[in-house]
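The structure under discussion appears below in the form of structure tokens.
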Amino acid sequence: MIENLFIAFALAMDCFAVSVVCGVILRGTSRTGAVLRLAFLFGLFQGMMPLAGYLLTCRFSGALQQIDHWIAFAMLAFIGGKMVVESFRPEEQMAHSPLRLRTQLALAVATSIDALAVGISYACTGYAMQALYVPLSLIAAVSFGMSIAGYLLGRRFGEAVNRRMRPELLGGIILIAIGVKILLEHLLS
């Protein structure tokens, strides 16, 4: 049980970081519904990606594991790069606003791709399908909670960040950095 809690917190850290950025970007708005939707999507995708990894491993073995880090890197670098470019545009022209469902879905998928590896490890260590309920629920719940906490933290300190630099620029840089981190972890392991 303890190892599943550590896995849940490790997977939730990307959700937390992205949620902090979203909170900084949305600092002046009160969008409870959008924040809950973002946290729900992060929790859902973090909880379901290990299941997808488990099922794909049972079906395709190691083929997906060889490219999952490249997919996560490409998605995060693309979204982050767009945010960097958009940070220099007027706010009303932002296409990748954290309030948009399309952006939230892309962020949820991109931050959860490394969770596929957890599902692959569950399959390789002999977890039975029915034994996945507890770890997947724990991963989803921790990711949901960490996403809300990250958003609130970003909103709280967003004004200070906004005075020093453009939050969209910071957010884009952080997303690119997370993508590079995922890529380097897989290439150097």
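Computed values, structure above
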quantity	calculated
√(5λ) per eigenvalue of the Cα gyration tensor, the chain, largest first, Å	30, 18, 13
222 nm mean residue ellipticity, helices alone, for the chain (DSSP H n ≥ 4; -39,500 (n - 2.57); rounded to 500)	-27000 deg cm²/dmol
Per-residue ³J(HN,Hα) for the range 5-21, Karplus 6.51 cos²θ - 1.76 cosθ + 1.60, θ = phi - 60°, Hz, x for Gly and Pro	5, 4, 4, 4, 5, 5, 5, 6, 5, 5, 4, 4, 4, 5, 5, 4, 4
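Just so you know, all these numbers are worked out from the coordinates, no wet-lab data involved. All figures in this text were calculated on a predicted structure; none of them were measured in a lab.
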